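Reviewing the structure listed below.
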Amino acid sequence: MAEPGDGSELEPEASGGALFLMAGGSDGGGGGEGDAEELVEVVDLEPPGPDDLANEMEDVDLDEEEAAWEDEDDEEEEVVEEGMEAQDDSEVTFSKHTASVFCVKLDPKTNTLAVTGGEDDKAFVWRLSDGETLFECTGHKDSVTCAGFSYDSTYVATGDMSGLIKVWKVDTKEEIWSFEAGDLEWMEWHPMSHVLLAGTADGNVWMWKIPGGECKTFEGPNCPATCGHVLPDGKRAVVGYEDGTVRIWDLKQGRSLYVLKGQDGHQGPLTCVSSSKDGSLVLTGSVDCQAKLVNCATGKVVSVFKAESIVPKSSAGEAEEAESNSVESLGFCNVMPLAAVGYLDGTLAIYDLATQTLRHKCHHESGIVQLLWEESSPVVYTCSLDGAVRLWDARSGKLISEYRGHSAEILDFALNKDASIVVTTSGDHQAKVFCVQRPDR
């Protein structure tokens, strides 16, 4: 496991006081820069004298020398690639998938089982301790992109891109319900009942009682419902759409409580939504590189966190790269008034919600795929396209540790309740279990 080098000097800790939020919509968050100075190690090499150079240049065939250099470069590249594959910090590897593994969730009751779904049209429920398969969720005919356990681990649901959703009883390993919706965008279990929600490409959000199958639909705009999340009270859900709008739905009444559009919405498709632990706040993220903080009680935008406040304005040569940036993942810290936003350009931004300012930016060499906060500490985990999982101290912005083992990008990951285990899925057809070593506990 690679240990991080020294980071920048510590910044002051966020105020642990009360969180004060304005009800009115404010257009500019992320004011404070909080940039950490980058430390650069300079190594002075004693330059060779002219006589040394002259001696080295005598009797040199430049063509042969150039060919030799090319061979050395090729050898070095091979060694680096072999080295990347050789470093494996994982404890268990699950290898039953035969193509990219897109999703993973842990069973919430015991945290001993995982469900993974992949491009091979397969999903498996398996044990974290030894990687042994409990059962295969059969019958899918398209990539399984969504999977998850019910709140009490009684059921596990799997969903594929075509919209075929299946539910299995974990203890009997039997399929007990299935439904074909439209092309599937996301799927999530209700936090406290056997109710399953899903968003589809036709703009609908579906809600089913399991195993009975009683159904309710929430009609959105005529465009995909790209992301969604049931709020902690279990009575409302926040849903983001491809047209940049956000709706907060009353699940019982079947009506939208608030619609955020125009300036309050986003200027591009929504990519992710998340809520604070008490459900009073929601964060929405989009390909427009903005994250919006919304008061759920009023439906008002409290603050807007913009990528421009993080990354220096790009030159003309970097314009194309800047165009492709987007918010990929976001979430709230449970124990401090902090939020994290992960970007496709590799920036992890930590915001102070009390002051609504940028507190830290943590750099990754490649794009962030997902982030997760520890349940009971201000530590945020990221997985990225370079195949690594990283732990960051949100108070200081410093890298705590890094875990590797995949030979391709990580596509999803999950964290157990006490943050001792991370389970990752990757384009290398594998899922891996990492035991997290933390010196501070």
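The values are calculated or read from the model by the stated rules, or taken from the named source; none is laboratory data. What you see is a predicted model, and the numbers here were worked out from it, not measured in a lab. Neighbour counts run over all protein chains shown; Cβ positions are idealised from the backbone, glycine included. Surface areas here come from the heavy atoms of the whole protein model, side chains and all, with no ligands, DNA or RNA. Shrake-Rupley method; radii C 1.70, N 1.55, O 1.52, S 1.80 Å.
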Surface accessible to a 1.4 Å probe, per residue, for the residues of the range 80-178, Å²: 44 Å²
Pop a pseudo-label 7 angstrom from the Cα along the beta-carbon direction at both Asp142 and Ser420 and give the gap in nm to one decimal. 4.0 nm
Heads up, I need the accessible area for Val423: 1.4 angstrom probe, whole protein in place, Å², nearest 10. 0 Å²
Would you tell me the accessible area of Glu219, worked out with a 1.4 angstrom probe on the heavy atoms of the protein chains, in Å² to the nearest 10? 140 Å²
Counting only the heavy atoms of the protein chains, how much of Leu344 is accessible to a 1.4 Å probe, in Å² to the nearest 10? 60 Å²
Please report, in debye to the nearest 20, how large the charge dipole of the range 110-210 is about its Cα centre when each Lys and Arg carries +1 at its beta carbon and each Asp and Glu carries -1 there. 320 debye
Whole number in Å², please: accessible area per residue of the range 208-257, 1.4 Å probe, ligands, DNA and RNA not counted. 44 Å²
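For the range 191-231, what is the relative contact order in percent, using Cα pairs closer than 8 Å and at least 6 residues apart in sequence?
Relative contact order here is 40 percent.
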Expressed per residue, the solvent accessible area of the range 339-391 in Å² (1.4 Å probe) is about 24 Å²
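Strictly greater than 23 Å: what percent of every Cα pair in the range 107-264 meets that?
Value for the range 107-264 (Cα pairs over 23 Å): 36 percent.
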Calculate what fraction, in whole %, of the accessible area of the range 86-187 sits on carbon and sulfur atoms when a 1.4 Å probe is rolled over the protein chains. 44 percent
For Lys398, list the lysines whose Cα falls under 18 Å from its own Cα; do not include residues on the same chain fewer than 8 positions away. Lys361
If unit charges are put on Cβ atoms (+1 for Lys and Arg, -1 for Asp and Glu) and the dipole of the range 382-440 is taken about its Cα centre, the option from His429, Ser407, Ser396 lying farthest towards the positive end turns out to be Ser396
On the protein heavy atoms, probe 1.4 angstrom, tell me the percent of accessible surface of the range 203-270 carried by carbon and sulfur. 43 percent
Return the subset of Lys252/Lys300; Lys216/Lys277; Lys109/Lys417 for which the Cα-Cα distance in this structure is over 19 Å, preserving the input order. Lys252/Lys300; Lys216/Lys277
Let me make sure I get this right: for the range 323-441, a, b and c are the square roots of the gyration tensor eigenvalues over alpha carbons, sorted descending. Under 1.5 in a/c it's rounded, otherwise prolate if a/b > b/c, else oblate. Which is it? oblate
Over the range 359-437, what is the relative contact order in whole percent, taking alpha-carbon pairs under 8 Å and six or more residues apart? 22 percent
